[in-house]
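Worksheet for the structure shown next.
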Amino acid sequence: MSRKNKIYEGKAKVLFEGPEPGTIVQYFKDDATAFNAEKKGTLAGKGVVNNHISEHIFTALSGIGVPNHFIKRLSMREQLVKAVEIIPVEMIVRNVAAGSLSKRLGIEEGTELPNTLVEFCYKSDELGDPLIAEEHILTFGWADENEIDEMVHYSLRVNDFLSGMFAAIGIKLVDFKLEFGRLYDGDECMVVLADEISPDGCRLWDLATGEKLDKDRFRRDLGGEMEAYQEVARRLGILPNADVTEIADHIKKES
């Protein structure tokens, strides 16, 4: 498809005007960032793999009634989504202590939490996505009580579903990030899941070995980032061996 005007470019994706009103083309980049973009790099093929994984997950979530912005995948790197007004609150869903939670509270990484923990962060790259309370959200009008309730409800629903889906393929869902947006239809407005769900925004550990299959491999200089991302896709049944070759060919054409 012919690309229209660029709307926004973030750390991992570029958004373009869609072919129809109310649609957006979401393009997945190979750029990798960590620590609020203090660390930067490029992982050849990451955007292709994340596009396929996110398509698979959003399609599955639609099947269990979780409203979201996904319409269809357009190409190796592009998908068509509904235009939404992003709510500036990131939802962090945690099942196991890891990352900033372990550092912040001194809890050993890998400690199973007694219950699923949902945290709120203010979506701001400039401020480093600071942790906030529900009172902050209400005080500054980022979302109202009903929207917060819906975001928490769907976050827990997504967690239940993804935890089972990943466990079935030998992967522990440690934690993950979600973003939501407002979808307008005339005078009606509903909260829907937006952005992407991929190893970029999830901590995924092999159930048997504890091996990290996510962006922590980049954050912590462990190497093997793309092998880990492709392993997640392979286990999900998204990218069999033939498609891995197709990805490699696609990357060569781009370069």
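Note down the relative contact order for the range 85-206 as a percent, whole number, built from C-alpha pairs under 8 angstrom at least six residues apart. Let's see the in-between values first.
Values: 191 pairs, mean separation 35.8, N = 122.
Relative contact order, the range 85-206: 29 percent.
Once phi is turned into ³J(HN,Hα) by the Karplus curve 6.51 cos²θ - 1.76 cosθ + 1.60 with θ = phi - 60°, what whole-Hz value does each residue of the range 197-202 show in order, with x for glycine and proline?
10, 7, x, 5, x, 10
Under the classification rounded if a/c is under 1.5, otherwise prolate if a/b is larger than b/c and oblate if not, where does the range 127-183 fall, given a ≥ b ≥ c as square roots of the Cα gyration tensor eigenvalues?
prolate
Let me spell out the model: positive unit charges on the Cβ of Lys and Arg, negative unit charges on the Cβ of Asp and Glu, origin at the Cα centre of the range 120-246. What dipole size does that give, in debye rounded to 20?
Numbers: 13 positive and 29 negative charges, 157 e Å.
Using Cβ point charges on Lys, Arg, Asp and Glu, the range 120-246 gives about 760 debye.
Just to check, using Stokes-Einstein with a Kirkwood Rh over alpha carbon pairs, what's the diffusion coefficient of the range 1-146 at 4 °C and 1.567 mPa s in µm²/s? Please list the in-between numbers first.
Values: Rh = 17.6 Å.
Stokes-Einstein gives a translational diffusion coefficient of 74 µm²/s.
Please report, to one decimal in angstroms, the Kirkwood hydrodynamic radius of the chain built from all distinct Cα-Cα pairs. Walk me through the intermediate numbers first.
Values: mean 1/r = 0.0529 Å⁻¹.
One over the average 1/r among Cα pairs gives 18.9 Å for the chain.
Output the peptides 112-118, 25-31, 10-16 sorted from most to least packed, where packing is the average of other Cβ atoms within 10 Å over each peptide's residues.
Details: 112-118: 11.3, 25-31: 20.7, 10-16: 17.7.
Result, highest mean first: 25-31, 10-16, 112-118.
If Lys and Arg each add +1 and Asp and Glu each add -1, what is the summed charge of the other residues whose beta carbon sits under 13 Å from the beta carbon of Asn159? Working shown, then result.
On the way: positive: Arg94, Arg157, Lys172, Lys177, Arg203; negative: Glu119, Asp160, Asp175.
Net local charge, Asn159 excluded: +2.
Which of the helices in the chain meet the span-like rule: DSSP H, Cα axial reach of 27 Å or more, Kyte-Doolittle mean at least -0.5? Before the final figure, lay out the partial values.
Working: long enough: 145-167 (33 Å, -0.17).
The answer, listed by residue number, is 145-167.
Can you give the local net charge around Val191? Use residues other than it whose beta-carbon is closer than 9 angstrom to its beta-carbon, Lys and Arg +1, Asp and Glu -1. Show your work: numbers first, answer last.
Working: positive: Arg182; negative: Glu147, Glu150.
Net charge in that neighbourhood comes out at -1.
What whole number of Å gives the distance from the Cα centroid of the range 168-245 to the Cα centroid of the range 37-92?
About 9 Å separates the Cα centre of the range 37-92 from the one of the range 168-245.
What Kirkwood hydrodynamic radius do you get for the range 85-206 when you take the inverse of the mean 1/r over all pairs of distinct Cα atoms, in Å? Let's see the in-between values first.
Details: mean 1/r = 0.0655 Å⁻¹.
With all distinct Cα pairs of the range 85-206 included, I get 15.3 Å.
When Lys and Arg each count +1 and Asp and Glu each count -1, what net charge do the other residues less than 15 Å away from Glu126, Cβ to Cβ, add up to? Could you put the intermediate results ahead of the total?
Working: positive: Lys11, Lys123; negative: Glu38, Glu90, Asp125, Asp129.
So the surrounding residues net to -2.
Please give, to one decimal in nm, the separation of the simple spin-label points placed at Met165 and Glu134, each 7 Å out from Cα toward the Cβ.
My value for the distance between the label points is 2.7 nm.
Want the number for Ser102 to Arg157: 0.36 nm per residue separation, take away the alpha-carbon distance, what's left? The partial results should precede the final answer.
Values: separation 55, 0.36 × 55 = 19.80 nm, distance 2.42 nm.
Result for the pair: 17.4 nm of gain on full extension.
Dipole size in debye (nearest 20) for the chain around its Cα centre, Lys and Arg Cβ +1, Asp and Glu Cβ -1? Mind showing how you got there, number by number?
Numbers: 31 positive and 45 negative charges, 200 e Å.
My answer is approximately 960 debye.
Take Tyr8 and Glu112, extend 7 Å from each Cα along the Cα→Cβ direction, and tell me the distance between the two endpoints in nm.
That separation, rounded to one decimal, is 3.8 nm.
Please list, in chain and number order, the residues 5+ apart from Leu113 or on another chain whose amide H is under 5 Å from its amide H, with Hs placed from the backbone.
Correct list: Val96, Ala97.
Any read-out appearing in this document is the output of simple, stated calculations on the displayed coordinates, not a laboratory observation. This structure is a prediction, so every number in the text was calculated from the model and none was measured. No Cβ is skipped: glycine too gets one built from the backbone with ideal geometry, and neighbour counts run over all protein chains shown.
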